[in-house]
Structures are given as structure tokens and as C-alpha cells.
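Student: Quick one: the structure is below, questions incoming.
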Amino acid sequence: MRFLIIGDVIGRTGRKALKEFLPSLIDQEKPDFIIANGENAAGGFGITKKVFDELISLGIDVITSGNHIWDKKEIVQFIDQEERLLRPANYPPSALGRGYGIYKKKDKKIAVINIMGRVFMGIPLDCPFRTFDEIYERIKDSVDYIIVDLHAEATSEKMAFGYYVDGRADIVFGTHSHVPTADEQILPKGTAYITDVGLTGAVHSVIGMKIEQPIQKFLTGMPIKYDVATGGYLFHGLLVEKDEKKTEIRRIKIKKE
Ligand code: FE2
């Protein structure tokens, strides 16, 4: 199976990059299953039904998320109905939505699990490590592939998690920092791993947002509203091919200035 994973899609600029680059990438690379983190796809914060449908119409199979999943009020109206939209599994059990799903493609059962880190995230969620253990025990005998989007800030937490689940998950990809890391690798027990896939959004931006606004925030210490940056755009993805014999991992970067 060939998996294409797309890092945090940031607002209209990120969606523009998807529309421009994804069709030819699908043609060239022929992925069997596509996952994108869409928690910032609508205006840079959250996701709406319309934007969700737009991403799915481009051929994306599952949309993962993280701390920004609740930012658009309408999410509470549709998250429970939408099996292809995930929120972190370590939210309290009473939270709306689901933290993982099992999807069928090419006669294979693919589990996608969305988990959020706790370091520098400011949200008191359950332990990401034990959350994985619990879900893993529940699903391990009934699925062919297990893929985790670990939405977290700290590189150390993401790497520790990768090694912790090595040999149990097939792919662990990090999101949230919006900056790609160059550490894509196959861990000793076979898990394909990257600390962060990186953003799909504006080239000249501060993690996808207009440059001046974060600078002002840092200069003044005051809360400043952020808007999605426009202009040239960038696509960051990860391609993983895995079957009984081999696992391959490759980063993808496409840019249009
Ligand atoms: Fe995030």
C-alpha cells in the first residue's frame, strides 16, 4: 500500500496548494490512501463542513486534526456524523467526534489514530502513550495497517512516542509545528516515522500566517489577531510505501512562489 500524508493545511492558501499540486501528485505517485491534517484549513483556525467536503473531493480519505478542531462553532453540528474526520483520541470520552477510525481500501483495513501531545500544548488531555496502548489492544487483530497522526509541539515527545509504538504502528507522522523535519526514517522495529510533515500553505509566512502579525505579538506581548498569509504556496507531504517485504519513506516538497 502507498500512503500519502499531507501536513497541516493552512487556510485558503493551503487549499490552493492542494488544488494545484494534489491531482498531478496522485497521477504520478498513485497513492492508495491519503490523509491530511485539516485543523487549520478554514481561515487558519478550525474546519467547516464546506472545507471538509472540499478536501474530501480532492481525493483525501481521512482528515485529522488537533487543538484547533473546535475553533469553528459549526464543528459540533457535523463532527459526530463524519467518520472521515478525526479529533485527538485522548480528549475525554464524552467529547464529541471520534479519535480513530478504521477504513477499507483495496481489501485492506487501515486504522488511522489521531493523538495529541501534552508538552507545551496547554490542554490537559489523557496520556498520549497510554491512549495508543488502549486503542492498539482494541484493534490490533482486526486491521492491516495502523497510522498515527501525533499532533504535538515538542520534538522530544514525538520522538519518544515514535519509539514507544515502534513495531506496533506502521506509520507515525507528526503535525502541529507546521515546520517540516528532515528525520523521516524507518525505526528499528519497522515503523515509518517523521517528527513533523510541515505545512501546506504560504511560502512567506510565520507558520502559515501573515508575517507582520506574529512579529507584532512578539514585540508587544499583546494578543494579536492572525490572518492566513497569501502569495506563493508550498506543499509538504510524506509518501510511505509498505508491504510484507519492504517499507519506504520519502518527503515531498513542492513550491510555487
Ligand atoms: Fe495544532
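Student: Which of PHE120, PHE132, PHE173 moves the most in a Gaussian network model of the chain with Cα springs under 10 Å?
Tutor: Looking only at PHE120, PHE132, PHE173, the largest GNM fluctuation is found for PHE120.
Student: Right, something else. Given points 7 Å out from each Cα along the Cα-Cβ axis, report the ILE254 to ILE102 separation in nanometres with one decimal.
Tutor: Taking the two extended label points, one gets 3.4 nm.
Student: Next question, about the same structure. Please quote Rg/Rh for region 80-142 to two decimal places, taking the Kirkwood radius as Rh and restricting both calculations to Cα atoms.
Tutor: Values: Rg = 12.5 Å, Rh = 12.6 Å.
Value, to two decimals: 0.99.
Student: I'm checking a number: the convex hull volume of the Cα atoms of region 111-257, normalised per residue, in Å³. What is it? Numbers along the way, then the final one.
Tutor: Working: hull volume 17.8 nm³, N = 147.
Taking only Cα atoms, region 111-257 has a hull volume of 121 Å³ per residue.
Student: I would also like to ask the following. Along the charge dipole of region 111-257, Cβ charges K/R +1 and D/E -1, which of GLN213, PHE132, GLY190 sits furthest on the positive end?
Tutor: Of the listed residues, the answer is GLN213.
Student: Continuing with this model, one more query. Could you work out how much longer the chain between ILE26 and GLU134 gets when fully extended? Use 0.36 nm per residue separation minus the Cα distance between them, nm to one decimal. Before the final figure, lay out each step's value.
Tutor: Values: separation 108, 0.36 × 108 = 38.88 nm, distance 3.39 nm.
Contour length minus Cα-Cα distance gives 35.5 nm.
Student: Does region 193-256 classify as rounded, prolate or oblate by the C-alpha gyration tensor (a ≥ b ≥ c root eigenvalues; a/c under 1.5 gives rounded; else a/b over b/c gives prolate, otherwise oblate)? Walk me through the intermediate numbers first.
Tutor: Details: a/c = 5.08, a/b = 2.51, b/c = 2.02.
Taking the square roots of the gyration eigenvalues as a ≥ b ≥ c, region 193-256 is prolate.
Student: Separate question: Holding the Cα-Cα limit at 29 Å, pick out from LYS210/LYS242; LYS50/LYS225; LYS49/LYS189; LYS73/LYS210; LYS50/LYS253; LYS19/LYS140 the pairs that are longer than that.
Tutor: Values: LYS210/LYS242 38 Å; LYS50/LYS225 23 Å; LYS49/LYS189 39 Å; LYS73/LYS210 23 Å; LYS50/LYS253 26 Å; LYS19/LYS140 35 Å.
Result: LYS210/LYS242; LYS49/LYS189; LYS19/LYS140 exceed 29 Å.
Student: Taking 8 Å as the Cα distance limit and 6 or more residues as the minimum spacing, I'd like the relative contact order of the chain as a percentage. Working shown, then result.
Tutor: Details: 617 pairs, mean separation 50.2, N = 257.
Normalised by residue count, the contact order of the chain is 20 percent.
Student: Further question: How large is the Rg to Rh ratio of region 42-164 when both quantities use alpha carbon positions and Rh follows Kirkwood? Don't skip to the end; give the middle numbers.
Tutor: Numbers: Rg = 14.4 Å, Rh = 15.1 Å.
Using Cα coordinates only, the ratio equals 0.95.
Student: Moving on to the next point. Cross-link list LYS30/LYS106; LYS106/LYS246; LYS16/LYS108: which exceed 21 angstrom alpha carbon to alpha carbon?
Tutor: LYS16/LYS108
Student: Also: Considering only DSSP beta bridges where both residues belong to region 96-203, give the percentage that are antiparallel (nearest 5). Show your work: numbers first, answer last.
Tutor: Details: 8 of 24 bridges.
Rounded to the nearest five, the antiparallel share is 35 percent.
Student: Nearest 5 is fine: what % of DSSP beta bridges in the chain come out antiparallel, could you say? Kindly include the intermediate steps, with their values, before the conclusion.
Tutor: Numbers: 27 of 52 bridges.
Roughly 50 percent of the DSSP beta bridges within the chain come out antiparallel.
Student: I would also like to ask the following. Please report the orientation-averaged projected area of the chain, defined via the convex hull of its C-alpha atoms, in nm². Please report the intermediate quantities before stating the final value.
Tutor: Details: hull surface 52.8 nm².
Average projection, Cα convex hull of the chain: 13.2 nm².
Student: Let me ask something additional. If you take the Cα Rg of region 1-78 and divide it by 2.2 N^0.38 Å, with N the number of residues, what do you get? Present the calculation step by step, with values, prior to reporting the outcome.
Tutor: On the way: Rg = 12.2 Å, N = 78, 2.2 N^0.38 = 11.5 Å.
Relative to the 2.2 N^0.38 Å estimate, region 1-78 comes out at 1.06.
Student: When ASP166, ASP243 are ordered from fewest to most other Cβ atoms inside 10 Å of their Cβ, what list results? Before the final figure, lay out the partial values.
Tutor: Details: ASP166 16, ASP243 9.
By the 10 Å Cβ count, ascending, the order reads ASP243, ASP166.
Student: Between VAL240, VAL119, VAL179, where does the largest GNM mean-square fluctuation fall for the chain, given springs only between Cα atoms within less than 10 Å?
Tutor: Answer for the Gaussian network model of the chain: VAL119.
Student: When the chain is modelled as a GNM with alpha-carbon springs shorter than 10 Å, which of ILE35, ILE113, ILE75 fluctuates the most?
Tutor: ILE75
Values quoted throughout were computed directly from the atomic coordinates according to the rules given, and no laboratory measurement underlies them. Note that the structure is predicted; figures quoted are calculated from it, not measured. We place every Cβ from the backbone using ideal geometry, glycine too, and count neighbours over all the protein chains shown.
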